[in-house]
1. Of the residues A:157, A:137, which single one is farther than 25 Å from residue B:107 by Cβ and aliphatic (A, V, I, L, M)?
2. Would the range A:143-157 turn up any residue that is among the hydrophobic types (A, V, I, L, M, F, W, C), more than 14 Å from chain B (Cβ to nearest Cβ) and within 15 Å of the chain's Cα centre (by Cα)?
3. For the range A:111-124, indicate whether the set of residues that are polar (S, T, N, Q), under 21 Å from residue B:27 (Cα atoms), surrounded by 22 or more Cβ atoms within 10 Å (Cβ to Cβ) and touching a residue at least 12 places away in the same chain (Cβ under 8 Å) is non-empty.
4. Return the only residue of B:53, B:34 being within 14 Å of chain A (Cβ to nearest Cβ) and assigned to a helix (DSSP H, G or I).
5. Out of B:163, B:154, which single residue is crowded, with 24+ Cβ neighbours inside 10 Å and of a type in the set (Asp, Glu)?
6. Is there a residue in the range B:71-80 that is out of contact with any helix residue (DSSP H, G or I) (no Cβ under 6 Å at 6 or more places or on another chain), in contact (Cβ under 8 Å) with a residue 40 or more places away in the chain, more than 12 Å from chain A (Cβ to nearest Cβ) and not aromatic (Phe, Trp, Tyr)?
7. Being assigned to a strand (DSSP E or B) and either within 9 Å of residue A:69 (Cα to Cα) or more than 8 Å from chain B (Cβ to nearest Cβ) (or both) is the filter here, so list the residues in the range A:93-115 that pass it.
8. Any residue that is more than 15 Å from residue B:99 (Cα to Cα), within 14 Å of chain B (Cβ to nearest Cβ) and touching a residue at least 24 places away in the same chain (Cβ under 8 Å) - is there at least one of those in the range A:191-207?
Amino acid sequence: MDENEPTTIEITRRTVIETGTTALLLTGLPRGALAAGSSDDNEPPPPPATATLQINGRSHVLTLDPRTTLLDALREHLALTGSKKGCDHGQCGACTVLIEGRRINSCLTLAVMHDGQSITTIEGLAEGDNLHPLQAAFVEHDGFQCGYCTSGQICSAAGMLAESRSGMPSYVTEDLTRPQPELTDAEIRERMSGNICRCAAYPNIVAAIKQAAWMPT
Amino acid sequence: MKAFTYQRADTPARAAAAAVKPGAKIIAGGTNLLDLMKLQVETPSQLIDINRLPLDKIEETPEGGLRVGALVRNSDLAADPRVRQHYGVLSRALLAGASAQLRNKATTSGNLLQRTRCYYFYDVTKPCNKRNPGSGCAALAGFNRIHAILGTSDHCIATHPSDMAVAMRALDAKVETVNGEGEARVIPIAEFHRLPGKTPEIETSLKSGEIITAVTLPPPPPGVQVYRKVRDRASYAFALVSVAAIVDSARGRIRSARLAFGGLAHKPWRAPQAEEKLADAAANTTSFNAAASAVLDGARGFGGNDFKIPLTRRTLHSVLAETTRT
């Protein structure tokens, strides 16, 4: 192979949608340094903690620096890089995962706090080769451009549809006493406001979610 | 993030006892604490995780109110049918705050204890009397668009960022606590948060090692409940000004009004003088103006936030018009 020939990695739109794998190449950073976040002093690491996480139906026993966020545990310890690190401060939603079916920002919680709990990431949504209805709808409606926010958008939308089905109101729900608020475009936009899309694919994201809302999961 | 040791508490009293230790900090939802720890604004040496304590129930009280456990998540409190039916102002305020992901994690007690979003509090390279007592306040002559106009001091002009607490202030909620000896205490929400004065680093009346176990809501007061939030974005932004209003009126005459404000002060701001102006008054521009003037008595802008004075007046007008329409 010619040394000058650029290495190409083929990433199809389907790969992006299934696994969120735009950052396919794992960095070679030392795990501890990355997992603990920025720390510029040379203090000794704290005693490690152990947590058993049920991720996408599989049990993982992890021994971690207690500072490790759930996001870093997924990405750096388990190579589940579908969940993305955008802002790392709970502002962008790219790290959204489902814990016991509820959507949260995995960057703002510690892995050890979730010992014994069940976590679903973007990698766990499809059933074999069958895309989750939200994944299929995002492909069909072109609900993304660069794809970086997409895994967070889809996990968030999965959590949002479950909330909506359980009757959860939102800030734009006119009548709070109505047990089942209708999922209008305005409702979808408000309920998805914790997921930012830098490419501004919002109209197509709303269309994709609207389509998936009518499909059984 | 600075290194810390992690432990899980098995009872509220033991959590409180452990929290007395210097450097120890309670973690519940963690959405604010971990954010601040990443920036080394907060540097606890020990985290006490209370998430597995049985403080996540919403129960009816014998008086006809609700007792909300400290660990009830913001989304669950907002969605509770009893809260939606009888405490709409609280449900709306909760739904106006943060994002759905954060509300799924954030707790009732953590929401009350969240820290200010002042830019200078967050920036460890800048002076801040709240983060580093005695270092000065960079916001006084800095960018202060989001800062307080009421109850400020020369030491701090930060605001309390909560929406939930503003609604609770209008509802006269009470905060229940326990200490390491297992002694319980009840703190009216009016006395829970403090004004900055000379010690802006002391934000609440909680004592060292005292933890919140619940918030109780008295029976729902009569009247229309509204939470109006004015902010820079339509969603997922902190309030520039917010108003929690509970107004009991009929045929153009106000019987009673309760008004609490967010985005204006170091604590959820209640305006009893304004409420007096509205009690047994005609619902019209004259009484609304009198109420707004009473709210803004002593208000002071710091340059970037001068706009909050007319914005508060207009927002209050709009809210009073809406709540007295029938």
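1. A:137
2. yes
3. Checked the range A:111-124: no residue is polar (S, T, N, Q), under 21 Å from residue B:27 (Cα atoms), surrounded by 22 or more Cβ atoms within 10 Å (Cβ to Cβ) and touching a residue at least 12 places away in the same chain (Cβ under 8 Å).
4. Going through B:53, B:34 in turn, the sole match is B:34.
5. The match here is B:163.
6. Among the residues of the range B:71-80, at least one is out of contact with any helix residue (DSSP H, G or I) (no Cβ under 6 Å at 6 or more places or on another chain), in contact (Cβ under 8 Å) with a residue 40 or more places away in the chain, more than 12 Å from chain A (Cβ to nearest Cβ) and not aromatic (Phe, Trp, Tyr), which makes the answer yes.
7. Passing the criteria: A:97, A:98, A:99, A:110.
8. Taking every residue of the range A:191-207 in turn, none turns out to be more than 15 Å from residue B:99 (Cα to Cα), within 14 Å of chain B (Cβ to nearest Cβ) and touching a residue at least 24 places away in the same chain (Cβ under 8 Å).
Since every read-out is calculated from the coordinates, none of them should be taken as a lab result. Computed from a predicted model, the values in this text were never measured in an experiment. Neighbour counts run over all protein chains shown; Cβ positions are idealised from the backbone, glycine included.
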